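**Q** I have a structure I would like to understand better, so I am pasting it below and will then ask my questions one at a time.
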Amino acid sequence: MRNPPVMPPARDEAERWRRLEGQDFEMTHYWHFVFVGGWLVLAIFGVLAAMGLPGSGLVLVSIGIGMILGSGIQLLVAR
């Protein structure tokens, strides 16, 4: 029979919060990549539309705009 998992003591609550707050994306460039990726998705739609496939915009434009808006808001909030 296994022993039940042991919960950390209450005195480690402050350290747990520090760990959780340290797991944000400030140290990485995650949101910058998402922002640039959104513009790349819109550029791909532009190329496809120029080739005569505008129907792809239904999916690509909504994904691209969602990526740009979401990451742009996150970048503004993180400032």
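The values are calculated or read from the model by the stated rules, or taken from the named source; none is laboratory data. Keep in mind the model is a prediction, meaning the values are calculated, not measured. For neighbour counting, all protein chains shown are included, and Cβ atoms are generated from backbone atoms with ideal geometry for every residue, glycine included.
**Q** Just to be sure before I move on: is Ile63 under 12 Å from the mean Cα position of the chain (by Cα), at pLDDT 95 or above, part of a helix (DSSP H, G or I) and surrounded by 12 or more Cβ atoms within 10 Å (Cβ to Cβ) in the structure I sent?
**A** In short, no.
**Q** Anything in the stretch 45-60 that is within 20 Å of the chain's Cα centre (by Cα) and either hydroxyl-bearing (Ser, Thr, Tyr) or surrounded by 14 or more Cβ atoms within 10 Å (Cβ to Cβ) (or both)? List them, or say none.
**A** Selection gives Leu60 alone.
**Q** Could I ask something else about it? Cβ-Cβ under 8 Å, sequence separation 6+ or interchain: first residue in the stretch 36-55 and in contact (Cβ under 8 Å) with a residue 60 or more places away in the chain, partner aliphatic (A, V, I, L, M) and part of a helix (DSSP H, G or I). Which pairs?
**A** none
**Q** In addition: For the stretch 56-79, what are the residues that are hydroxyl-bearing (Ser, Thr, Tyr) and free of Cβ contacts under 8 Å to residues at least 40 places away in the same chain?
**A** Listed by number, the residues that qualify are Ser56, Ser62.
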